[in-house]
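Working notes, beginning with the structure itself.
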Amino acid sequence: MDDPCRLYLITPPVLPGGFADQLAAALDAGDVACLQLRLKDAPRDAVKRAVEALRPIAQARDVAFILNDDAILAAELGCDGVHLGQQDGDHAGARMLLSGKILGITCHDSRHLAMLAGEMGADYVAFGAFFPTSTKDAKFRATTDLLEWWSEIAEIPCVAIGGITAENCAPLVRAGADFLAVVGAVWNHPDGPVAGVRAMNAAIAAAA
């Protein structure tokens, strides 16, 4: 039996006050495979402070702590890995720097980029956006046939990202996504992040 699909949680673009407590409660609410700290426009010092505050919360719960964009900082601060976009530095260099750690690479809607990432030693590839999203300007749109193709040919896990909610995630789970990356579905849930994590876990389980 294939491993079940799991939740891949990404932080809000701007961390609100009291976020550490919100994060701890959210991670305690249900299964979360990993947490990606994604602060695109924040100064490096601010990112460093956020890593130092949030990494122990995730790691104490056996949730992998992934830093977006910065392999050097991820290695320096004891993160469990890094997630890199196509324009985010030297992928091969990051692989060497983070030997034994997680390297995830954004592959948009491209089979070619996914194959390259796999050959280069990525631990997962990320496809998307699958749905409209307000979190970032999504220039690429992926479809479920990409997930089906990848799950058939590759051992490397794939992450689906982009506008995913408890209401729309079932086709992605059934198509073979190993992880569902979400931001708004948890942090903007009308009943709060705890309810958001529970709703996503329930939806994943129902779709499996």
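Computed from the coordinates by the stated procedures, all read-outs in this text should not be read as laboratory data. Keep in mind that this is a model prediction, so the values were computed, not measured. Methodologically, a virtual Cβ is constructed for each residue, glycine included, from the backbone with ideal geometry; neighbour enumeration extends over all protein chains shown.
Some points to look at:
- Exposure proxy ranking, count of Cβ atoms within 10 Å, fewest first, for V197, V63: V63, V197
- Estimated from helical segments only, the mean residue ellipticity of the chain at 222 nm is -11500 deg cm²/dmol, where each DSSP H run of four or more residues counts as -39500 (n - 2.57).
- Pairs of Cα atoms in the stretch 9-49 fall into 5 Å distance bins, from 0 up to the last occupied one, in shares of 5, 21, 30, 25, 12, 6, 1 percent.
- Under a Gaussian network description of the chain, with springs only between Cα atoms under 10 Å, the residue in A126, A75, A58 that fluctuates furthest is A75.
- Ranking of E76, E167 by count of other Cβ atoms within 10 Å, fewest first: E167, E76
- Counting neighbouring beta carbons within 10 Å and listing from fewest to most, the residues K40, K48 come out as K40, K48.
- Percent of Cα pairs exceeding the 16 Å cut-off, where the set is the stretch 1-126: 61
- Here the Gaussian network model covers the chain, with springs between Cα atoms less than 10 Å apart; of A53, A26, A71, A53 fluctuates the most.
- The alpha carbons of the stretch 6-207 occupy a box of 42, 39, 29 Å along the principal axes, longest dimension given first.
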